[in-house]
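The values are calculated or read from the model by the stated rules, or taken from the named source; none is laboratory data. Quick caveat, the model's predicted, so the values are computed rather than measured. Please note: Cβ atoms are built from the backbone with ideal geometry, for glycine as well, and neighbour counts cover all protein chains shown.
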Amino acid sequence: MAREFLVALTSDFFLPDGTPRYSNFDASPGIVYRPCRAQERDVDPADLAGAAGVIVLSPKVTPRSVSQAENLLAVGRFGVGYDSVDVPACTAADVLLFIAAGAVDRPVAEATVMWMLALSHHLRTKDRLVREGRWDQRSAYMGRELRDRTLGIIGLGGIGRKVIELVRGFSMNQPLAFDPWVQPAAAEAVGVRLVSLDELMQEADFVSLHCPLSEATRNLLGARELALMKHDAYFINTARGGIVDEEALFAALAERRIAGAALDCFVGEPLAAPPRFAELENVLLAPHCIAWTDEMFRDIGRTVCQGMIELAHGRRPRGAINPEVFERPGFQQKWARLRLG
C-alpha cells in the first residue's frame, strides 16, 4: 500500500504566479496535491504521471488523457456536469469518474429563483430607466408576481428539487416536471406533477433546464418544443449549452414568441465573442457563473476532496458516474496498490 496518495489539480485552479485562484483544498494525512504544469484544453497525460487522482475544473478528459493511466484511479470533476469527460474512455482505462454530488444544488437553485424574479419584474429594464432618465416610462413595464404561476422543471435531480423547495413560499401553482428517469411516486413525494415534455412546454410560465447534457438530451428543445410555450413565458438555462437549439431559441426571442430568457450556458464555451443573444433586450446573460459563490466553491472543494480521501482509504466516494469500474480487475489491482494503509 502507498505512503501517499498524489492528486493532480488542473492548472486553471491557479493564477500564473501559482497562487490558488479559488480556495485551498482540504488537507488530509497522506493526501498530496500537485498542480498540472500548464493550461491545456485537454488534460495532458504527462501531468498525471504518478498521480492516483486528478481534480478537473475546465479542461476536457479525453481518451488520450487517460492513455497512460497505470496509476490513475479517479477523475474528480469539480462540479456536477461531466459532458467534458469521456466516460467510456475512463471506464476502459479502469478510471473512476465522480462528481461533487449535491454541492451545487443550493446555489444553482437560488440563481434560478433570482432569474425568475428578475425576468418577471423587468429588473434590467427598470434599472436602465433610472440610469437613462426615463422615469416617466415606468408604467409601461408592469411586472408579474410568481404567485399563481407555474414552474416547469426539465430534470428533477438535486438542483431541480431544490428550486421547487425554494419557490414554495411564493404561492405558485403545483410545479410540473419532465424527467423520464423519475418515478411518479418520487415526484409526488416532493409535490411535483410529472408530465410529458410537450405538456410542460405548453403549461409552464417558467421553463427551467436542470438536466445534464448527453446524447439523449442534446437539442432536446428545438423549434417545435419552443413553439409550444406561452407567449408570456420565460426560459431559463443554468444546465448546459446544447440542450436547447440556440438558433431556434434566438428566433423565438427575437420574434417575441416568448417573453424572455436567462442564459448561463452556451454551445462552444468559453465564448470568444458576444453571442447573438446579446443583441436582444429580453434576455439576461451570464458567462456560466451565475451560481458561483464562495459557499459553492467551498462545498464543491470539500466534496471532491472528500471523494479522493474516501478512495485513498479504500472506500467508495459519492457521485460515481461509472460505478461499474469498481468491479473491474484492473481497477481493483490499482486500488489495492495505491490506497493508504
Ile55 - would you say it is more than 23 Å from Cys265 (Cα to Cα) and in contact with a helix residue (DSSP H, G or I) (Cβ under 7 Å, 6 or more places away or on another chain)? no
Every residue in the stretch 255-268 that is of a type outside the set (Gly, Ala, Ser) and either within 17 Å of Leu117 (Cβ to Cβ) or modelled with pLDDT under 95 (or both), please. Leu263, Asp264
Pick out the one residue from Leu228, Leu340 that is in contact with a helix residue (DSSP H, G or I) (Cβ under 7 Å, 6 or more places away or on another chain), over 22 Å from Ala111 (Cβ atoms) and at pLDDT below 95. Leu340
Quick check on the stretch 290-305. Is at least one of its residues closer than 30 Å to Leu200 by Cα, under 18 Å from the mean Cα position of the chain (by Cα), crowded, with 19+ Cβ neighbours inside 10 Å and not small (Gly, Ala, Ser)? yes
The lone exception for Ala252 - which of (1) touching a residue at least 40 places away in the same chain (Cβ under 8 Å); (2) assigned to a helix (DSSP H, G or I); (3) not charged (D, E, K, R) it fails: (1)
Only one of these conditions is not met by Leu271: (1) at pLDDT below 95; (2) closer than 25 Å to Arg106 by Cα. Which number is it? (2)
Check the stretch 230-246 and report whether any residue there is among the polar types (S, T, N, Q), in a loop (DSSP other than H, G, I, E, B) and over 17 Å from Val113 (Cβ atoms). no
Report, by residue number, each residue of the stretch 91-113 that is closer than 15 Å to Pro212 by Cα and surrounded by fewer than 20 Cβ atoms within 10 Å (Cβ to Cβ). Ala101, Gly102
Please state which one of Ala273, Ala239 is of a type in the set (Gly, Ala, Ser), assigned by TED's automatic domain parsing to the domain that holds Arg124 and either more than 15 Å from Ile153 (Cα to Cα) or touching a Phe, Trp or Tyr at 6+ places or on another chain (Cβ under 8 Å) (or both). Ala273
The stretch 91-117 - residue that is in contact with a strand residue (DSSP E or B) (Cβ under 6 Å, 6 or more places away or on another chain) and in a helix (DSSP H, G or I) and, of those, nearest to Met142 (Cα to Cα): Met116
Within the stretch 68-90, identify whether any single residue is in contact with a strand residue (DSSP E or B) (Cβ under 6 Å, 6 or more places away or on another chain), within 29 Å of Ser171 (Cα to Cα), surrounded by 20 or more Cβ atoms within 10 Å (Cβ to Cβ) and not hydroxyl-bearing (Ser, Thr, Tyr), and answer yes or no. no
Going through (1) on the phi < 0 side of the Ramachandran plot; (2) not assigned by TED's automatic domain parsing to the domain that holds Val207; (3) not polar (S, T, N, Q) one by one, Gly319 fails only at (1)
Determine the pairs where a residue that is in the same structural domain as Phe235 (by TED's automatic domain parsing) and touching a residue at least 24 places away in the same chain (Cβ under 8 Å), located within the stretch 149-163, has a partner that is of a type in the set (Ser, Thr, Tyr) and in a strand (DSSP E or B) with Cβ atoms under 6 Å apart, the partner being 6 or more residues away or on another chain. Ile153/Ser208
Counted residues in the stretch 30-44 being part of a loop (DSSP other than H, G, I, E, B), on the phi < 0 side of the Ramachandran plot and touching a residue at least 24 places away in the same chain (Cβ under 8 Å) come to 6
